[in-house]
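Quick note: the coordinates plus some simple rules give every number you see, no bench work behind them. Worth saying up front: this structure is predicted, and the values here are computed from it rather than measured. Cβ: placed from backbone, ideal geometry, glycine included. Neighbour counts: every protein chain shown.
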Amino acid sequence: MKYRTYYDMLHEPDTNDIETVKPMLRRLSLIPIIALGYFTMSHFFSIKYVKTDDFYEKPLWFRLFYMMPIFCVFRWRLYIAWILAECSCMMGAYGAYPASSLPKCGQGPSDLKALHKVKSFPKKTASYNFEAVNNLYIWGCEMAPTTKEALRSWNKSVQYWLANIVYRRVPMKSFRVFLTMAVSAYWHGVDPGYYMSFLTVPPILMAERVMIAAFRDEEPTIKQKLFDHVCWFFRMRGFDYNCMGFLLLSWHDTVRYWSSIYFIGHITIIVFFIVGTIFRPPRKKTND
């Protein structure tokens, strides 16, 4: 988050006039459904089981399947934590800005002229929202067809920080994603699993980009919709695959699991990159 949002919370007068309870309750209304799914799934599926010898005696289909509910448990737990964090901000009017100022997560108001204009009127007459602290867009996390779109919906305040403090400051564009993912891994810790997972993201984005260029229509067609559905399926499987390294943490446990499913995530990346490169249409020449 920008320091500005914290400063505004401390120095903004008449914050009691800003409606906080209703927005908080609307956000909290999502938790019972998510919590039900989390507690149900976590009862049957545990990352600890993946570290046992018994797990690796199961058939291949079971080992492949198991990463899907594990990622469900992982992300639903984070959904609950992030929503509760958002609600705590709302109760203190932290991140409350006039809707007309077009606030964005991490940044705060993006239209400062509209912000100053609204400040000349009583707060009771203005419409406020908490987009500045809205850290999670669940629909995007669950249904976005591409990895790039899904990442923008996930932990948005950290994504904002990484984009502005790391990504845009790397002078060589070809290294931006790699270095950003490396910093993100270090942000989480020093366990090898973090780096193995996060540094798999740049190749995923590369393969995804060439496949989109090769097969996705720019105009809305049946082919485009079919491609988006297929892309969503593989995007989710990529998240499942990387989640295992994120949770297993150690080099041994991560390699043990990935090798038990024949490094299918990495193999898929290579196949998609080759196929996308072969079928990618030639770039149109521009006339000077």
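One table, with the values for the structure above:
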quantity	calculated
Residue-span extension gain [S29 to L84] - 0.36 nm each, minus C-alpha spacing	18.7 nm
Net charge of neighbours whose Cβ lies under 14 Å from the Cβ of A150, counting Lys and Arg as +1 and Asp and Glu as -1	+1
Integer Hz, Karplus 6.51/-1.76/1.60 couplings in order for region 177-185, x for Gly and Pro	5, 4, 5, 5, 5, 5, 5, 4, 5
Cα-centre dipole for the chain with unit charges at Cβ (Lys and Arg positive, Asp and Glu negative), debye to 20	700
Using θ = phi - 60° and Karplus 6.51 cos²θ - 1.76 cosθ + 1.60, couplings along region 231-243 (whole Hz; Gly, Pro as x)	4, 4, 4, 6, 4, 5, 5, x, 5, 4, 4, 5, 4
Charge dipole (the chain, unit charges on Cβ, about Cα centre) - positive-most of W82, L248, C231	C231
Packing-based order for 265-275, 51-61, using average beta carbon neighbours within 10 Å, highest first	265-275, 51-61
K22-E142 FRET efficiency (beta carbon distance; Förster radius 25 Å; 0.05 resolution)	0.50
Length added when fully stretched, F62-S250, from 0.36 nm per residue minus Cα-Cα	65.5 nm
Radius 15 Å from Cβ of F55, net charge of other residues (Lys, Arg +1; Asp, Glu -1)	+1
Ratio of Rg to Rh over region 125-170 (Cα coordinates, Kirkwood Rh, two decimals)	1.09
Efficiency of FRET from Cβ geometry, I274 and V230, R₀ 25 Å, rounded to 0.05	0.90
Long-range HN-HN contacts of Y128 with modeled amide H, under 5 Å	A99
Positive minus negative residues near Y79 (Lys, Arg vs Asp, Glu; Cβ under 14 Å)	+2
Computed label-point distance, nm, for sites F55 and I264 using a 7 Å Cα→Cβ extension	1.5
Links that overshoot a 19 Å alpha carbon limit, given the list K2/K156; K22/K156; K117/K156	K22/K156; K117/K156
Over the chain - Rg/Rh using Cα atoms and the Kirkwood inverse-distance radius	1.02
Structure-based [θ]222 nm, the chain - -39500 (n - 2.57) summed over DSSP H runs of at least 4, per residue, nearest 500	-19500 deg cm²/dmol
